[in-house]
Amino acid sequence: MKFTVQQIAEYLHGSVDGDPGVEVNTFCKIEEGQQGGLTFLANPKYEHYLYETKASAALVNESFKPSQEIKLTLIRVPDAYAALASLMQLANSFTQKQESGVDKLAFVDPSVKLPEDCYMGAFAYIGKNVQIAKGCRIYPHAYIGDNAKIGENCIIYPHVTIYHDCEIGNRCIIHAGSVIGADGFGFAPEADGYHKIPQLGNAVLEDDVEIGANTCIDRAAMGSTKIGKGTKLDNLIQVAHNCTVGQHTVMAAQVGMAGSSHVGDWCMFGGQVGLSGHIKIGNKVSLAGQTGIMSDIEDGSQLLGSPGMPVREAFRSIAMMKRLPEMSKRLDKLEKLIEKLSSK
Amino acid sequence: MKFTVQQIAEYLHGSVDGDPGVEVNTFCKIEEGQQGGLTFLANPKYEHYLYETKASAALVNESFKPSQEIKLTLIRVPDAYAALASLMQLANSFTQKQESGVDKLAFVDPSVKLPEDCYMGAFAYIGKNVQIAKGCRIYPHAYIGDNAKIGENCIIYPHVTIYHDCEIGNRCIIHAGSVIGADGFGFAPEADGYHKIPQLGNAVLEDDVEIGANTCIDRAAMGSTKIGKGTKLDNLIQVAHNCTVGQHTVMAAQVGMAGSSHVGDWCMFGGQVGLSGHIKIGNKVSLAGQTGIMSDIEDGSQLLGSPGMPVREAFRSIAMMKRLPEMSKRLDKLEKLIEKLSSK
Amino acid sequence: MKFTVQQIAEYLHGSVDGDPGVEVNTFCKIEEGQQGGLTFLANPKYEHYLYETKASAALVNESFKPSQEIKLTLIRVPDAYAALASLMQLANSFTQKQESGVDKLAFVDPSVKLPEDCYMGAFAYIGKNVQIAKGCRIYPHAYIGDNAKIGENCIIYPHVTIYHDCEIGNRCIIHAGSVIGADGFGFAPEADGYHKIPQLGNAVLEDDVEIGANTCIDRAAMGSTKIGKGTKLDNLIQVAHNCTVGQHTVMAAQVGMAGSSHVGDWCMFGGQVGLSGHIKIGNKVSLAGQTGIMSDIEDGSQLLGSPGMPVREAFRSIAMMKRLPEMSKRLDKLEKLIEKLSSK
């Protein structure tokens, strides 16, 4: 499909800088621009590509002021990244194939009441008394344990395991290999070894949660491990038993939360962040990649390092660390000077 | 089911402080207490909740001395956490459904001799000459490769992969998505690229091992990668080829052990700990979360940081790091003073 | 099967030190030597085992000079580790069972043209219009999404998920539970929450790539996430959307690459390394375990620490850190001395 830049600008309520008749038929990254491609500029780090890209048009922020001559047509919108999301969703809705129906190789327990509109692939397994709302797409090899509840319009990709009694909200997406509701890591140490503490709670995902691939969200020992509405977790993340994560929080891959730790709303964690157990992270907290946190953190904090320090302080300490050998030499020199002065 | 506090205290050989006739019918966390709930106090950090919880009764250590007035009934036992484990196991045995039989959608190779008492779910795959002892529960989508051996009363959850020739002891639990016996990461570098070193050994789990979700234990290049009796590994852990882990060691999520490293008995590792290859960690070693270890470690060490330092030393260094900018200023000042003194 | 040391030396074009008639029938590690075992010495750290091992023969580098009397027979070759790889490949080719044919419990979409020579296990799923070249072995529970392409002689282990439209080169090996082509982590923040950016690109593995267990390689937002020819990734690794990895690069377990970061050829990363997004790592870069990188890195760099520093500098800073308490005391002392001197 082809669209003119004019058509796209109208759809986005944006304005055109340049030839509005230019046609585009695909999306492309700014550093891999091609004719007929629509690209975007959201990260200023990539601005220099804009002056050399072969793309035919680019989405930019309204406020963007080019520092050089531009060859392609610009579409100005309030937020270039949000506009891109909206256009790509539109494109996706045109091209995405929507499987439907229950494959004859799926296993669905007779106790399950199937919604009218759903897809269940070959080798999908739906256990006893599972409740599935309409519009769900359950891919091949997905496993949904007994008594689990799945909300409307969820997508459960291959090899996802949802343990018994867990609850998934509406419009959730769970990528391949993720495990929702495995036993929390609870053992009582005794002289002859560790005795298992049965994990009698469950795991609950609220509406609009997206979980990446091979991520693990353990069930609670008692009560629920909870992921709040609109929160997005990337791949290979560990959420231990009895943790709670608030709303609209995003965590990059390989983050680990130890048991009974709590994260607020609108937080942003970089990859490989680690949280100790039994701590509370406030709202709008930003943690850089690999940061380690061992105690409660106030709303709005921006931390880096292990243990985490305020970003400015952390960078200062890092810079200082590099100067340590020099500081040590200055100390040696001072000691000698003083010795000399003292002996005068 | 309801029980009186008196009945529970008798089962646990504990004593009652308060009304022994109070009835409880569920477990609850102390900060989420509810009427009819039995809670527990094991971590002193949570003591303050005891004075306001709505729970009806609480398990506490014999030695516990309340610092305020208590409204609920206490059950005093030698070890509150161990008592909780024992009670929850009892509760679990009442409620847990025990599937049995081989589902007609399971694949079991004709060479496999099925034990009388077992469960194999739909889409479970049991390869050639696999030996499975009695009482095992093999969930849907589990894969057990040729010639593997599974001991008595194991639980193998969905999407577990056990590669050919691996051995699992008695009473082991392996959570969803874990991979036992994938090829170790062994390649010989040559001018044209890396040549694969076939991994001809296997992976062995001794009795009473529990493996979390999406954890990987690679097979040995030759010989065996071994996890000792009673050891518990959490989710998303990496155990590389030819590693050995001793008995009764616990590792939190996302720990990584590089090839041919060895860990002793009764160790405790926090999350995201990393070990270099070809090193030896003694017994009863405790490593805080995110600690990195590059050399052999003595029995009983307690380390933190990357590279790991004794805990006290690590905290002192961390505190010092924050003082570095100040130390640098003091150094500047001293230099000026000395210059002044010297020029007198 | 038994071979004489003479036969093995001839196969490897090596020379024999000691009795060439000694027979061996298995491989063994040097520290677990046994009669009839062929071992090897590649890592000098293990040399002392050579003088006490019970193995019957050992592969050593041509240049190796024993520092003590040797009891077993040596086979001298230019590169002991490469020779081992070659011998083990030979042994593996004798013993490895080669399943073939399409199991009647596999699901293969009618649109798929099967190659003459392939294996597809029970519960394998091959979607619409998938192209599979000859010689592939697709294990039980593997999932290959619509329109994916798989090259010749690939091995796809159980529970691997290959999302739609992804491309796998020739002779690739993908271990159990890995996920190729899940959605990249792309969301546009708006006032009401994060809006999903559909991930319309794919993931591409070039020839001779090996991927460990439970590793995740996300599909690109647009264009392709690419893993170059001959590159080997270990277990539990995260490669985010739009990343590229060059040729013949090796990464140990639990490495994480954030979005749009690029790694060159012949790099070596230790375990748990983390890379920020939108950065470029040159060729032949070596990063120690747990290193964190936040900016572009030049060819040939050898870094350690978080943030990464040149190895020598990093070790010096680490040593200095331990001396900080002492430096602080010296500073205190100097200040007092100067005060005394100044007041004279």
For chain C, size of Cβ-based charge dipole, Lys and Arg +1, Asp and Glu -1, in debye: 1120 debye
What value, in deg cm²/dmol to 500, does the helix sum -39500 (n - 2.57) over DSSP H runs of n ≥ 4 give at 222 nm once divided by the residues of chain A? -5500 deg cm²/dmol
To the nearest 10 square angstrom, how much accessible area does B:Asp208 have with a 1.4 angstrom probe? 40 Å²
Please give the residues from segment A:41-81 for which the solvent-accessible area of heavy atoms, probe 1.4 Å, is smaller by at least 10 Å² with all protein chains in place than with the chain isolated. A:Asn43, A:Lys45, A:Tyr46, A:Asp79, A:Tyr81
Roughly how many percent of the accessible protein surface of chain A is carbon and sulfur, given a 1.4 Å probe and a whole-percent answer? 50 percent
Can you give the translational diffusion coefficient of segment B:288-344 in µm²/s, computed by Stokes-Einstein from the Kirkwood radius over Cα pairs at 37 °C and 0.692 mPa s? 234 µm²/s
So which chymotrypsin sites (Phe, Trp or Tyr not before Pro) in segment C:1-104 are both in a DSSP loop and have at most 11 other Cβ atoms within 10 Å of their Cβ? none
For the cross-link pairs A:Lys232/C:Lys226; B:Lys134/C:Lys104; A:Lys128/C:Lys232, which exceed 32 Å when the distance is taken from alpha carbon to alpha carbon? A:Lys128/C:Lys232
Give the interface area between chains A and B as buried accessible surface, both sides summed, probe 1.4 Å, in Å² to the nearest 100. 5400 Å²
Could you compute the longest span of chain B free of GluC sites (Glu not before Pro) located in DSSP loops and having at most 12 other Cβ atoms within 10 Å, not counting the site residues? B:117-297
For B:His262 the rounded accessible area (nearest 10 Å², probe 1.4 Å, non-protein molecules ignored) is 50 Å²
Chain B: relative contact order as a whole-number percent, Cα under 8 Å and 6+ apart: 6 percent
Can I get the semi-axes of segment B:3-95's equivalent ellipsoid? Compute them from the C-alpha gyration tensor as square roots of 5 times the eigenvalues, in angstrom, largest first. 18, 14, 13
Computed over the Cα atoms of chain C, what is the convex hull's projected area averaged over all directions, in nm²? 28.2 nm²
Give me the percent relative contact order of segment A:154-251, please, defined on Cα pairs under 8 angstrom at least 6 residues apart. 25 percent
Considering amide H positions built from the backbone, and no H for Pro or chain starts, which residues 5 or more places from B:Thr26, or on another chain, come under 5 Å of its amide H? B:Leu38
Could you give P(r) for the protein assembly as shown, binned at 10 Å from zero, as whole percent values over all Cα-Cα pairs? 2, 10, 18, 23, 20, 14, 8, 3, 1, 0
In a shell of Cβ-Cβ distance under 15 Å around B:Thr244, excluding B:Thr244 itself, what net charge do Lys and Arg (+1) and Asp and Glu (-1) give? -2
Please work out the average accessible area per residue across chain B, using the 1.4 Å probe convention, and give it in Å². 41 Å²
Too long at a 32 Å Cα-Cα cut-off: which of A:Lys340/B:Lys329; C:Lys2/C:Lys65; A:Lys322/C:Lys229; C:Lys113/C:Lys196; B:Lys196/C:Lys54? A:Lys322/C:Lys229; C:Lys113/C:Lys196
What's the FRET efficiency of C:Glu116 with B:Lys134 using the Cβ-Cβ distance as r and R₀ = 30 Å, to the nearest 0.05? 0.10
May I ask for the distance between the Cα centers of segment C:130-208 and segment A:148-189, given as a whole number of Å? 21 Å
Shortest-first distances to equivalent copies, position A:Glu339, nm, label 7 Å out along Cβ: 2.3, 2.3
Just tell me which aspartates and glutamates come within less than 13 Å, Cα to Cα, of A:Lys333; anything on the same chain fewer than 8 places away is out. B:Asp332, B:Glu335, B:Glu339
Residue by residue through segment C:210-223, what is 3J(HN,Hα) from phi via Karplus (6.51 cos²θ - 1.76 cosθ + 1.60, θ = phi - 60°)? Round to whole Hz and write x for glycine and proline. 10, 10, x, 7, 6, 8, 10, 10, 6, 6, 6, 4, 8, x
per DSSP, antiparallel bridges as share of beta bridges in chain C, % nearest 5, sits at 15 percent
Label distances, nm, B:Gln131 versus same residue in remaining copies, Cβ-directed 7 Å point: 4.7, 4.7
Phi-derived 3J(HN,Hα) across segment A:66-76 with the Karplus relation (6.51, -1.76, 1.60, θ = phi - 60°), rounded Hz, x for Gly and Pro, is x, 9, 9, 5, 10, 8, 8, 7, 9, 10, 8
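The values are calculated or read from the model by the stated rules, or taken from the named source; none is laboratory data. This is a predicted model, so every value here is computed, not measured. Glycine gets a Cβ as well: all are built from the backbone with ideal geometry, and neighbour counts include every protein chain shown. Note: areas computed on protein heavy atoms with side chains; ligands, DNA, RNA excluded. Shrake-Rupley method; radii C 1.70, N 1.55, O 1.52, S 1.80 Å.
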